[in-house]
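The values are calculated or read from the model by the stated rules, or taken from the named source; none is laboratory data. On a predicted model such as this, the values are computed, not experimentally measured, just so you know. Neighbour counts are summed over all protein chains in view; Cβ atoms, including those assigned to glycine, are modelled from backbone coordinates with ideal geometry. Calculation scope for accessible area: heavy atoms of the full protein, side chains included, ligands and nucleic acids excluded. Shrake-Rupley method; radii C 1.70, N 1.55, O 1.52, S 1.80 Å.
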Amino acid sequence: MRDNEVAAEGVLLAIDQGTSSSRAIAFSPDGAVVATEQQAFEQLYPASGWVEHDPEVIWATVLSTARAVIERLRGKNRPIIAIGLTNQRETTVVWDRRTGMPVYNAIVWQDRRTADHCRKLESDGHGAEVSDKTGLRLDPYFSATKLAWILDHAPEARAAARAGRLAFGTIDSFLIWRLSGGRLHVTDYTNASRTALFDIRKGVLGSGLV
């Protein structure tokens, strides 16, 4: 079979990791849905205004939905030719580089626990600088102060971060790390731009907010 014939029979596997469920969808090159699977997971509300997800549950639902779609594709003789990933944006995960294990639950984009921190940064005069560098206003919606909260409240997290033992990311980074066996710690510009840690002028990550 020629290469172009293989490509015509192949499918694109989309992983859609959302706020309330994970989905895997196989698309033909012309956009038709070949197979799909979806699995909901629990939302965690440890305090008023707090919203968390268990990263291990997210990982498990991504794996189970993707495996279900892959199994259906075997029956249809449709090879996967590419994988794409979309995710809930500002939700924040910190994990141990050595073990791949999260140091705390994922703090979800809806979470408001860092509102006081944002107000303090604003009153200290950091609002204009953050807006100029990141294009975002100081708000607990974005990832930066979520990351700071995890580093301040997970046991020994700041010390581990200073020693280079921790990795931070939005959900895409965490999933790609796991899917690549820890070889890739990556994101893209669209996800990075929602963290309030990405300098949109220089194209680099880094901020004094954490």
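A few remarks follow.
- Flag if residue 46 is of a type outside the set (Ser, Thr, Tyr) and touching a Leu at 6+ places or on another chain (Cβ under 9 Å): no
- Failed item in (1) open to solvent by less than 10 Å² (accessible area, probe 1.4 Å); (2) more than 24 Å from residue 184 (Cα to Cα), with residue 139 passing the rest: (1)
- Segment 142-169, residues that are in contact (Cβ under 8 Å) with a residue 12 or more places away in the chain and among the charged types (D, E, K, R): 146, 165
- Whichever residue in segment 175-210 is basic (Lys, Arg) and under 15 Å from the mean Cα position of the chain (by Cα) and, among such residues, is surrounded by the fewest Cβ atoms within 10 Å (Cβ to Cβ): 178
- Selection count, segment 98-139, where residues are part of a loop (DSSP other than H, G, I, E, B) and either under 24 Å from residue 156 (Cβ atoms) or β-branched (Val, Ile, Thr) (or both): 11
- Scan of segment 117-131 for residues that are surrounded by fewer than 19 Cβ atoms within 10 Å (Cβ to Cβ) and in contact (Cβ under 8 Å) with a residue 24 or more places away in the chain, ordered by number: 117, 126
- A Cβ distance below 7 Å, combined with a sequence gap of six or more or placement on separate chains, defines the contacts here; from segment 62-73, residues that are within 14 Å of residue 25 (Cβ to Cβ) reach residues that are among the basic types (Lys, Arg) and open to solvent by 60 Å² or more (accessible area, probe 1.4 Å) in the pairs 65/23.
- Going through (1) open to solvent by 40 Å² or more (accessible area, probe 1.4 Å); (2) in contact with a helix residue (DSSP H, G or I) (Cβ under 6 Å, 6 or more places away or on another chain); (3) in contact (Cβ under 8 Å) with a residue 40 or more places away in the chain; (4) not β-branched (Val, Ile, Thr) one by one, residue 172 falls short only on (1).
- Qualifying residue in segment 198-208 (condition: at pLDDT below 95 and on the phi > 0 side of the Ramachandran plot): yes
- Count - residues of segment 89-99 that are modelled with pLDDT under 95 and within 14 Å of the chain's Cα centre (by Cα): 1
- Taken as a whole, the condition of being open to solvent by less than 20 Å² (accessible area, probe 1.4 Å) and of a type in the set (A, V, I, L, M) does not apply to residue 163.
- Count of residues meeting criterion [in a strand (DSSP E or B), crowded, with 16+ Cβ neighbours inside 10 Å and in contact (Cβ under 8 Å) with a residue 60 or more places away in the chain] in segment 9-57: 7
- For segment 81-116, the set of residues classified as open to solvent by 70 Å² or more (accessible area, probe 1.4 Å), without any contact (Cβ under 8 Å) to a residue 40 or more places away in the chain and more than 18 Å from residue 182 (Cα to Cα) consists of 116 only.
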